[in-house]
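**Q** The structure's right below; bear with me while I get my questions together.
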Amino acid sequence: MSALGSAGSRTPLFHVLIVLAWLWVAVPFAYGLYQLVIKIPALFAG
């Protein structure tokens with residue numbers, strides 16, 4: 001058995017925490033990609 005238990009014992013709180021963890025990573029990553037896309041034209045401008 002893993003530390004988290006079997007798949008049947010996962011509570012809704014577990015799923016909320018998983019979503020929050022993904023958002024904690026995805027939001028700054030998406031913002032960084034957005035900033036990169038905004039600044040790309042300046043890299044190729046003469």
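Just so it is clear, none of the values below were taken in a lab; they were calculated from the coordinates. Values in this document were obtained by computation on a predicted structure and should not be read as measured data. Neighbour counts are summed over all protein chains in view; Cβ atoms, including those assigned to glycine, are modelled from backbone coordinates with ideal geometry.
**Q** Using mean Cβ contacts within 10 Å as the protection proxy, how do 23-32, 36-45 order, highest first?
**A** Ranked from most to least packed, the peptides come out as 23-32, 36-45.
**Q** I would also like to ask the following. Just to be sure I understand the model, the point goes 7 Å from the Cα along the line to the Cβ. What's the resulting residue 38 to residue 20 distance in nm?
**A** Calculated label separation equals 2.8 nm.
**Q** Separate question: I need the phi-derived Karplus couplings for region 28-41: 6.51 cos²θ - 1.76 cosθ + 1.60, θ = phi - 60°, integer Hz, Gly and Pro marked x.
**A** Karplus-based 3J(HN,Hα) across region 28-41 equals x, 5, 5, 5, x, 5, 4, 4, 4, 5, 5, 8, 4, x Hz.
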